[in-house]
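Take a look at the structure set out below.
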Amino acid sequence: MKEKILFSVAGALAIVTIWLLFSFSKTGGNVVVVDSQRVLEEYQGFLEAKDSYEAKVNDLSKSFNEKRGVFESKTKEYEILESTLSNAERSKKRADLAVMQQELMKLGTAIEGQTTEEESKLLEGVYNKINDFVQRYGKKKGYAAILGANGQGNVMYVDGQIDITQEVINALNKEYVEGVQ
Amino acid sequence: MTIAALALSSCTRSIGSETAFLKWLDNPKNGLVKKASANGFSFSLKFLPSEYLAYTELKKGNDEKGWNELLHDFESSMSVLFSIEHDMHGIDATNYDIQNMAAYKERINELNFGLKQHLFIKGSEGKKIRPVLTTFENNYEIGGKKTFYVVFPKTDEEQWKTESLDIVFDDPFLDTGISHFAFKKQHIDQIPTLEFIN
């Protein structure tokens, strides 16, 4: 069943792509293709944003690990002293540890949410930058369309002559360093 | 012939009027205005020469300092004008992605006082040199262009001797990612002499 759906989607995408190629070929400008995944991976803006994201995640993990370390040593301390404590002291310590554990779990969830949000913000910024560039680049070069191949079957074959991936990566990185000309 | 042409081109020119100088400064070919864009937003960062800043301050006449003192003050820092504009009417840096009044107030507060955290000079070994002053200039303007006057300290002497000066905007509000504005030292050194000052 799943395979049937996949084949139908791939088939529909292939038809749309052929139609796009056919209709754009009538407009006079060339239709070219870029490997969008490669553009993303080799874009300096993405690499720099990824480094900054990883540094933020490391900082957050560090503060979480410090708190976890305190919780673990408190738990160990309780286990060693448990037999020497009175019933009242035992239940107080257990309650304190339960509160600490709950706070730790809350912090973990908050950090997870924050990192997910940071990641989607990072990608949105990077995609917006790439899309803005590709639109201006296409107009400047007089292309009728720039199709993005992303390995999902929307573009199944590309002749080397219409693959402008490297050209786009070079120009995109140049603009990233030197600004819009 | 070639040597003569090179020598001529490397000479610092002089400019006779303020209007002509401002026109020269705004010409991207002279390398003192850098631009970036994404998500419908256009960013522009303009280098402001200290000589011109001292001149405008002197012209106001409300400072007791003389020309040399003013020039010294402005030469001990670096000032730039940072502008943000959206290509659609009604959208700007103060209201993009804002859902309610509380968020609007937070954005205004961020733009007024928090920009220092997101705009910096990329120093050596990953050091970030942050501004000592950022002033949100067009807070009450109806138009969409928002402008900030930004002053960076000249604390890291080594940084000012390098070939280029890279100012980075790591955008937290407008979904435009990281933008670089790299000024070449060669362009800063070629700022014309302002004849109209005297």
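The values are calculated or read from the model by the stated rules, or taken from the named source; none is laboratory data. The shown structure was predicted, so the numbers you read here are calculated from the model rather than taken from an experiment. To get the accessible areas, we keep the full protein, side chains included, count just its heavy atoms, and leave off ligands, DNA and RNA. Shrake-Rupley method; radii C 1.70, N 1.55, O 1.52, S 1.80 Å.
Considering all projection directions equally, how large on average is the shadow of the alpha-carbon convex hull of chain B, in square nanometres? Please list the in-between numbers first.
On the way: hull surface 55.5 nm².
Reported value for the Cα convex hull: 13.9 nm².
For region B:23-45, state which residues have at least 40 Å² less accessible area in the presence of all protein chains than in their chain by itself, taking the probe as 1.4 Å and leaving out ligands, DNA and RNA.
When all protein chains are present, B:35, B:37 each give up 40 Å² or more of accessible surface.
How would B:89, B:180, B:118 rank on accessible area, largest to smallest, probe 1.4 Å?
From most exposed to least exposed: B:89, B:118, B:180.
Run the accessible area of region A:95-181 with a 1.4 Å probe and give the carbon-and-sulfur part as a rounded percent. Write out the running numbers ahead of the final one.
Values: 2810 of 5430 Å².
About 52 percent, which is the carbon plus sulfur part of the accessible surface.
Return the value, in Å² to the nearest 100, of accessible area buried between chains B and A (probe 1.4 Å, both sides summed).
Approximately 1300 Å², summed over both chains.
Computing the accessible area with a 1.4 Å probe over protein heavy atoms, can you report the carbon and sulfur percentage for region B:14-63?
Whole-percent figure for carbon plus sulfur exposure: 49.
Where does each of A:68, A:136 land when they are ordered by accessible area, with a 1.4 Å probe and the largest first?
A:68, A:136
Computed on alpha carbon atoms, what radius of gyration and Dmax characterise the protein assembly as shown, expressed in Å?
27.8, 99
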